[in-house]
Amino acid sequence: MTTWTMAKALNRGLEAAMVADDKVILMGEDIGPLGGVFRVTEGLSARFGTDRVLDTPLGESGIVGAAIGLAMRGYRPVCEIQFDGFIYPAFDQITSQLAKLTARHEGSARFPIVIRVPYGGHIGAVEHHQESPEAYFAHTPGLRLVSPSTPNDAYWMIQQAIASDDPVMFFEPKSRYWPKGEVDEGESAAPLHTTRVVRGGTDVTLVGHGAMVSVLLQAAEVAAGEGTSIEVVDLRSLSPVDYGPLLKSVEKTGRLVVAQEAPGFASVGSEIAATIAERAFYALEAPVLRVSGFDAPFPPAKLESLYLPDADRVLDAVDRALNY
Amino acid sequence: MADAPQHDAVSVQMISPEGRFEPNAAAEEFLPYLDRLDEDRLRTFYRDMAVIRRFDAEVGHLQRQGQLALWVPSHGQEAAQVGSGHAARPQDSIFPAYREHAVAKIRGVDLIDIVRMLRGLTHGGWVPAEHGNFHLYTLVIGSQTLHATGYAMGIALDGAPTGDPEKDEAVMVYFGDGATSQGDTNEAMIWAASYATPQVFFLQNNHWAISVPVSRQSRTPLVDRARGFGLRSTRIDGNDVLASYAVTAKQLDDARAGRGPGFIEAMTYRIGAHTTSDDPTRYRGADELKFWEARDPITRYRHHLEQRELADAAFFADVESEAADLAADTRRRTLALGTPGIDLIFDNVYAEDHPVPREQKKWLQDYEAGFGEAR
């Protein structure tokens, strides 16, 4: 066991993947000597050289489009998109090209590309630097999408994503880059596409991903003080969703609140709510409730605490579920 | 002429529109590359151009008869495609747009696979590694330029060129004048220059992006624009198969030798419609069409072969009969194409097991089985 920040855990996970397979290369803006704007690739350029850590020209479509060509050549590119809100110039290359190319080749080619996306709010940043665009990509067949919430998951999931022969969108909750957590370098915690119960409880189930998991744990702690037992599920994988543990939890508690920073309309939370309603209808004591960012553009940073779901907003939903 | 501002640059020309071998001054540095062509090869160029034109016409008819969703004619662009296609070496990789039927044939693609795609039976059609490294068609304009550049970056990352042109690889990517306005095409040139990729950008300037003239895409000759990115750039008479061959051969060999990426602007013309859904009479004049029909690449090259006494009537009759056979064969095989099964929807959405397509495939199979008969 060792104690790292998530940024450090990702750095070590990338390093381990690069040691394990010399076809793994990193591509992105400012990821070389600077180590990326979040320092996730710190030191990797010095260790592996500029042929494996490519400081690219500034162009997100170029990064992903060139990664596709490199994958056709046998490489396993790991692309860094500098911030969530900068991913859209690459949208065609991700959704129309990368996501479809495995199917278009009918089995004759594979596209093992990881696209790392620092995402989410809570960091007081300027416009386009705090968004949660995961629904666009979870909606697109051909892509896998995961998001770790702890340093240990980050360390293992980045290696698992790189080992996958499919394109993986790897959403990194940037507000969780700096808190430290225990990392077990010896053994992988769980397969990539699995949800995990991170706190046991009996009255209400809370599910979320990325930075939201720590908010849910806070809410559970507060609720425990008031006599409510809350089970918290860390989604970890948004495409595919591992519904098994979630269904089991809902069958026990009868109440589910889905929380996310992203706007709620047509979101991953909507999909989970609909699926649980279809598959656990008779277990439910209350409608599945969603707590989301509002359906408005992410506001200027001084208003982000009003926009982002916090423990109180989650607990408000818990109360509504309990009192239904 | 819709393309007046485009005429400021000189094009490499080997054969005059009348078929005489009259290389212009711009052609001089490329002349040695013609020495690679023996008489058989010279005749093959004609054969490939004539045969693909007949195939193109036949599939156009099949579309009109309801056998294809869409057809994309190559009529008029055969010299640009056949010359450049033959200039590529076996180890090279080709990234087409979606009109390069002649290049597909040269690289070993079974043309029925292109028909299958446009009939609605596949989104792919062939295995590139088994068909001359000719990659799949790409319908989003310009997206393939970045794939080509990434692939070429991979060649460079795999190691420095050995200096042996029989072994060192290069990449060629095809696109049209419309694609030069796309961000991806411009990014691809930036990346290619930045990483000094072994790559040639082959622009077929056919003067029209569906209904929009090239003068709307650029007010300067596109050959000049490429120079601004730091690419070695040459404009050619795209209806001159020898110019297309020689310039592409030099550009590819320069690229494979580590001299960085190149760019070729082939001035040609889309004689037919953009696709079978298009109606060019709505946006371009008969005079322009007549001008270009008089510069037909196949007629020009036939005159050239005749003047050099490289081909006789028997040869042309043989080509005619091969073309007719291919057309008949294509018609017969098109009508015999079946319908793909449910597998095609689900089986390769992901390379590794994924519960969603797996479960949805099972659901659809059971649902279909519920009707009591195979559908």
Using a Förster distance of 41 Å, the FRET efficiency for A:I123-B:V127 (Cβ separation, nearest 0.05): 0.30
For A:L34, B:L37, A:L315, B:L252, order by how many other beta-carbon atoms lie within 10 Å, fewest first: A:L34, B:L37, A:L315, B:L252
Gain on full stretching of the segment that runs from B:R308 to B:D279 - 0.36 nm per residue minus C-alpha separation: 6.5 nm
Interatomic Cα distance distribution for the stretch A:123-234, bins of 5 angstrom, percent: 2, 10, 18, 20, 20, 15, 10, 3, 1, 0
Signed unit charges on C-beta, dipole axis of chain A, positive-most listed residue A:V232, A:V288, A:M27: A:M27
Selected from B:Y33, B:Y137, B:Y301 as most flexible by GNM, with chain B as the system and alpha-carbon contacts under 10 Å: B:Y33
Segment A:L34-A:Y88, length gained on full extension (0.36 nm per residue, minus Cα span): 17.1 nm
Volume per residue of the C-alpha convex hull in the stretch B:188-332, rounded to whole Å³: 167 Å³
Nearest 10 degrees, 0 to 90: helix B:297-307 Cα axis against chain B principal axis: 50 degrees
Under the Debye formula (equal points on every Cα, no solvent term), log10 I(q)/I(0) of the protein assembly as shown at q = 0.11 Å⁻¹: -1.10
Candidates A:E231, A:E80, A:E106, ranked by Gaussian network fluctuation over chain A, Cα under 10 Å, top entry: A:E106
Derived scalar couplings ³J(HN,Hα) [the stretch B:275-281; Karplus, 6.51 cos²θ - 1.76 cosθ + 1.60; whole Hz; x for Gly, Pro]: 9, 5, 8, 9, 9, x, 5
Kirkwood hydrodynamic radius (C-alpha pairs) into Stokes-Einstein, the stretch A:196-322, 37 °C and 0.692 mPa s, D in µm²/s: 229 µm²/s
Relative contact order of chain B, pairs being alpha-carbon contacts under 8 Å that are 6 or more residues apart, as %: 25 percent
Separation in nanometres of the label points that stand 7 Å from Cα toward Cβ, at B:V356 and B:E39: 6.3 nm
Radius ratio Rg over Rh of the stretch B:4-335, counting only Cα atoms, Kirkwood formula for Rh: 0.94
Taking the C-alpha atoms of the stretch A:87-129, convex hull volume expressed per residue in Å³: 70 Å³
Relative contact order (%) - criterion: Cα under 8 Å, at least six apart; region: chain A: 16 percent
Isotropically averaged projected area of chain A, using the convex hull of Cα atoms (one quarter of hull area), nm²: 16.1 nm²
Label-point separation, B:A196 to A:V197 (7 Å along Cα→Cβ), nm: 6.0 nm
J(HN,Hα) series, the stretch B:101-111, from Karplus relation 6.51 cos²θ - 1.76 cosθ + 1.60, nearest Hz, glycine and proline x: 4, 5, 5, 4, 4, 4, 7, x, 6, 6, 4
Per-residue HN-Hα couplings for the stretch A:141-151 [Karplus 6.51, -1.76, 1.60; θ = phi - 60°; Hz; x = Gly/Pro]: x, x, 10, 9, 9, 10, 8, x, 10, 9, x
Subset of A:K100/B:K167; B:K167/B:K250; A:K252/B:K362; A:K8/A:K302 violating a 26 Å alpha-carbon distance limit: A:K100/B:K167; A:K252/B:K362; A:K8/A:K302
Most mobile listed residue (A:Y177, A:Y155, A:Y243) in chain A, GNM with C-alpha springs under 10 Å: A:Y243
Estimated FRET transfer efficiency when R0 is 30 angstrom, pair A:E42-B:A160 (beta carbons, to 0.05): 0.55
Label point distance in nm, A:D319-B:A294, each placed 7 Å from Cα along Cα→Cβ: 8.6 nm
Mean projected area (nm²) of the alpha-carbon convex hull when the stretch B:44-165 is viewed from all directions: 8.1 nm²
Part-to-part distance (alpha-carbon centres) for the stretch A:110-171 and the stretch B:8-29, which is given in Å: 54 Å
The stretch A:2-183 - Rg and Dmax from Cα coordinates, angstrom: 15.0, 46
Cα-Cα P(r), the stretch A:1-96, percent of pairs per 10 Å interval: 16, 48, 31, 4, 0
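Each value in this text was obtained by applying a stated rule to the coordinates, not by laboratory testing. Since this is a predicted model, take the numbers as computed values, not measurements. Note: ideal-geometry Cβ built from the backbone for every residue, glycine included; neighbour counts use all protein chains shown.
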